[in-house]
1. Looking at segment 78-91, is at least one residue of a type in the set (Phe, Trp, Tyr), out of contact with any Pro (no Cβ under 7 Å at 6 or more places or on another chain), within 25 Å of Ile122 (Cα to Cα) and open to solvent by less than 80 Å² (accessible area, probe 1.4 Å)?
2. Which residue, of Ile114, Ile108, is of a type in the set (Val, Ile, Thr), touching a residue at least 60 places away in the same chain (Cβ under 8 Å) and not in a loop (DSSP other than H, G, I, E, B)?
3. Specify which of the listed residues (Gly120, Gly102) is out of contact with any helix residue (DSSP H, G or I) (no Cβ under 6 Å at 6 or more places or on another chain) and within 20 Å of Lys79 (Cβ to Cβ).
4. Report the residue count in segment 123-136 for those that are assigned to a loop (DSSP other than H, G, I, E, B) and either closer than 17 Å to Glu86 by Cα or open to solvent by less than 100 Å² (accessible area, probe 1.4 Å) (or both).
5. Could you say which residue among Ala95, Ala41 is open to solvent by less than 50 Å² (accessible area, probe 1.4 Å) and not charged (D, E, K, R)?
6. Could you figure out which of (1) at pLDDT below 95; (2) farther than 26 Å from His149 by Cα isn't true of Ala62?
7. Please go through segment 6-36 and pick out each residue that is more than 18 Å from Thr67 (Cα to Cα) and open to solvent by 90 Å² or more (accessible area, probe 1.4 Å).
Amino acid sequence: MQQPDQQPIIRRLRAGDADLFGPLLDLFGQVFDDIETYGNARPGPAYRMQVLSRDEVVMLVAAEGRTVVGGLVAYELLKFERERSEFYIYDLAVAPEYRRRGIATQLIEAVKAIARERGGWIVFVQADQGDDPAIALYTKLGHREDVLHFDISPR
């Protein structure tokens, strides 16, 4: 385990980092208690390479060596009404034993920096009711809007 004064290194995954794709999925599956979604039917090598090669897909890991202890996946959404984009944080997780060390904040700061580089207008994220730690973190970092979210199947 790391020393309290050391922080994992935050890095963006690219095409050459496919070996960290699985450990990131493992982390999400464990933290979200959803092994089925993140563990079954994993993308093959060609799909992983395609995802990691796209500039509008931001996959960040907090790593100690090759061990993933935190991760964030965001998507850049190009807007039509103005020449700008928004960044949607889709998944954010930190391993339980690494929490309360500022890793989630560092991951969000990293996606904010990428958004600035790419001309992003805003970074946004959703939290589930009852996820008090996430709500507290996002409240500390941004402006809260209460909205309803609906999943609509394309089938």
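1. As a first pass, look at segment 78-91 and keep what is of a type in the set (Phe, Trp, Tyr): 80, 87-88, 90.
Right, trim to out of contact with any Pro (no Cβ under 7 Å at 6 or more places or on another chain) and you get 80, 87-88, 90.
If we keep only those that are within 25 Å of Ile122 (Cα to Cα) too, we end up with 80, 87-88, 90.
Filter again for open to solvent by less than 80 Å² (accessible area, probe 1.4 Å), leaving 87-88.
Checked against the condition, which is being of a type in the set (Phe, Trp, Tyr), out of contact with any Pro (no Cβ under 7 Å at 6 or more places or on another chain), within 25 Å of Ile122 (Cα to Cα) and open to solvent by less than 80 Å² (accessible area, probe 1.4 Å), segment 78-91 yields at least one hit.
2. Values: Ile108 fails: touching a residue at least 60 places away in the same chain (Cβ under 8 Å).
Ile114 is the lone residue from the list that is of a type in the set (Val, Ile, Thr), touching a residue at least 60 places away in the same chain (Cβ under 8 Å) and not in a loop (DSSP other than H, G, I, E, B).
3. Numbers: Gly102 fails: within 20 Å of Lys79 (Cβ to Cβ).
On inspection, the qualifying residue turns out to be Gly120.
4. Within segment 123-136, the subset assigned to a loop (DSSP other than H, G, I, E, B) is 126-131.
Applying the additional criterion that residues be either closer than 17 Å to Glu86 by Cα or open to solvent by less than 100 Å² (accessible area, probe 1.4 Å) (or both) yields 126-127, 130-131.
Residues in segment 123-136 being assigned to a loop (DSSP other than H, G, I, E, B) and either closer than 17 Å to Glu86 by Cα or open to solvent by less than 100 Å² (accessible area, probe 1.4 Å) (or both): 4 in total.
5. Result of the check over Ala95, Ala41: Ala95.
6. Status for Ala62: all satisfied but (1).
7. Across segment 6-36, the qualifying residues are Asp33, Ile35, Glu36.
Every residue, every condition in (1) within 15 Å of Val57 (Cβ to Cβ); (2) crowded, with 19+ Cβ neighbours inside 10 Å; (3) in contact with a Gly (Cβ under 9 Å, 6 or more places away or on another chain); (4) at pLDDT below 90, yes or no:
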site: Leu72; (1), (2), (3), (4): yes, yes, no, no
site: Tyr75; (1), (2), (3), (4): yes, no, no, no
site: Gly102; (1), (2), (3), (4): no, no, no, no
site: Thr105; (1), (2), (3), (4): no, no, no, no
site: Ile114; (1), (2), (3), (4): yes, no, yes, no
site: Trp121; (1), (2), (3), (4): no, no, no, no
site: Tyr138; (1), (2), (3), (4): no, yes, no, yes
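The values are calculated or read from the model by the stated rules, or taken from the named source; none is laboratory data. The shown structure was predicted, so the numbers you read here are calculated from the model rather than taken from an experiment. Using ideal geometry, Cβ is built from the backbone for each residue, glycine included, and neighbour counts are taken over all protein chains shown. Accessible surface areas use protein heavy atoms only, side chains included; no ligands, DNA or RNA. Shrake-Rupley method; radii C 1.70, N 1.55, O 1.52, S 1.80 Å.
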